[in-house]
1. Can you find a residue in the stretch C:63-84 that is among the polar types (S, T, N, Q), over 27 Å from A:VAL47 (Cβ atoms) and part of a loop (DSSP other than H, G, I, E, B)?
2. I'm checking my understanding of the structure. Among residues of the stretch C:59-78 that are facing chain E (nearest Cβ under 9 Å) and touching a helix residue (DSSP H, G or I) at 6+ places or on another chain (Cβ under 6 Å), which one is surrounded by the fewest Cβ atoms within 10 Å (Cβ to Cβ)?
3. Within the stretch C:15-51, how many residues turn out to be more than 10 Å from chain A (Cβ to nearest Cβ), free of Cβ contacts under 8 Å to residues at least 40 places away in the same chain, crowded, with 19+ Cβ neighbours inside 10 Å and among the small types (Gly, Ala, Ser)?
4. Can you tell me which residue within the stretch C:79-91, out of those that are within 7 Å of chain E (Cβ to nearest Cβ) and buried (at least 17 other Cβ atoms within 10 Å of the Cβ), is farthest from A:SER77 (Cα to Cα)?
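No lab work stands behind these numbers, since they all come straight from the coordinates. It should be emphasised that the depicted structure is a prediction, and the values quoted were computed from it without experimental measurement. Because the Cβ atoms are built from the backbone with ideal geometry, glycine has one as well, and the counts that use them run over all protein chains shown.
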Amino acid sequence: MILGRVCGSIVSTINHEFYDNKRLLMVDRLSIDGKVTGNYLIAVDSVGAGAGETVLIIDEGNSARQIIGDKTAPLRSIIVGVVDQTTIQSI
Amino acid sequence: MILGRVCGSIVSTINHEFYDNKRLLMVDRLSIDGKVTGNYLIAVDSVGAGAGETVLIIDEGNSARQIIGDKTAPLRSIIVGVVDQTTIQSI
Amino acid sequence: MILGRVCGSIVSTINHEFYDNKRLLMVDRLSIDGKVTGNYLIAVDSVGAGAGETVLIIDEGNSARQIIGDKTAPLRSIIVGVVDQTTIQSI
Amino acid sequence: MILGRVCGSIVSTINHEFYDNKRLLMVDRLSIDGKVTGNYLIAVDSVGAGAGETVLIIDEGNSARQIIGDKTAPLRSIIVGVVDQTTIQSI
Amino acid sequence: MILGRVCGSIVSTINHEFYDNKRLLMVDRLSIDGKVTGNYLIAVDSVGAGAGETVLIIDEGNSARQIIGDKTAPLRSIIVGVVDQTTIQSI
């Protein structure tokens, strides 16, 4: 799983009923020190994430389908949580 | 899922009936600011995308098979939508 | 499978019962000579790994679900072992 | 899916009957302008591809197994077509 | 599939019976001209590969499970062959 920051949204015409009323967010991957990298992906939102929030993303189809609760949904990347806190240990 | 721009097409002799009459498009991945990167992939078109259009691609076999509606289709990358609008937040 | 070093943890609000009481660790991938690379991922802990420990990670959903013993769990990356010893041959 | 150029072959002793009499080819990924990149993979040939030919590769296990027609075959990368023509649009 | 050179082994405490008595090898990916790259992965050995040998690796869970003959095994990367010969064509 990966961490990213919500940085935008897209509007797309998709010919599959699964995507009706789904939010597609642009998420910028975060570096280990919490900075945006410019390396983004497009993920379906399952948690109501807003712009600027740090989110946890699962980038695997079967996991995404479990979160959605639809075994036939065509998707790979999904936002599964808003990250409340990140603790980095100094080792 | 990823964003790309349709930049070409290929003609290939493929020994599997699934590929009869399918369009195989070359899609150049887009950077977060919407520029082409030269990092491309070959995707089956499911939406009638044209040259120069920005498209949403799912790069996962099971999702692609759901879009096509054929559980046995051999494919991994599929264009699922034409992107009408991208909104980037300044945060 | 890959090697990493546990470098932090995250607290996230996830809307799926699987994640109740699960530890989500930040793991920094190790280079071949055992140094951290800054290229991290977020993995569920299945072994009680602690900060600074070297761990083995499987980054595949079906494997992760087998380790957890739950075929419907939405996850991709899991820590499956603490690495006790690494032996590099000079060849 | 990706494009590559056949640049070699390997002979390997593999302990699984699937690989009896299969050709394993080394395929060099092509850049968007059709040049070899040195970033290669090993793929099973399903089309009789020859050295120097441009080929289409699917790098996904389930697709590869569909092409082979064997649900239990252990493989991930397969050459599915010889590319007859690539058309790049100037946009 | 990819080529690598066995460069080490790891000893890990893994809480899943599948890993009892399995060898976990560190394999350094090879460049197209047969040199080690430092970009390694950890793979289960299914062929008795030794240090310094060039091996073929399948990095896909379902393939790995087929090689092992255990549909429930949690693993992704497996060494499936020792490479006896690589032939690179000059084109």
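1. Within the stretch C:63-84, the subset among the polar types (S, T, N, Q) is C:63, C:66, C:72, C:77.
Now restrict to residues that are over 27 Å from A:VAL47 (Cβ atoms): none.
Checked against the condition, which is being among the polar types (S, T, N, Q), over 27 Å from A:VAL47 (Cβ atoms) and part of a loop (DSSP other than H, G, I, E, B), the stretch C:63-84 yields no hits at all.
2. Selected residue: C:ASN62.
3. Summing the residues that are more than 10 Å from chain A (Cβ to nearest Cβ), free of Cβ contacts under 8 Å to residues at least 40 places away in the same chain, crowded, with 19+ Cβ neighbours inside 10 Å and among the small types (Gly, Ala, Ser) in the stretch C:15-51 gives 1.
4. First, pick out the residues of the stretch C:79-91 that are within 7 Å of chain E (Cβ to nearest Cβ): C:80-89, C:91.
Adding the requirement that they be buried (at least 17 other Cβ atoms within 10 Å of the Cβ) leaves C:80-83, C:86.
Values: C:VAL80: 23, C:GLY81: 26, C:VAL82: 29, C:VAL83: 30, C:THR86: 34 Å.
Taking the candidates together, the pick is C:THR86.
Matching residues to (1) under 24 Å from D:GLY8 (Cβ atoms); (2) in a loop (DSSP other than H, G, I, E, B); (3) touching a Ser or Thr at 6+ places or on another chain (Cβ under 8 Å):
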site	(1), (2), (3)
E:ASN39	yes, no, no
E:ILE42	no, no, yes
E:VAL47	yes, yes, yes
E:GLY52	yes, yes, no
E:LEU56	yes, no, yes
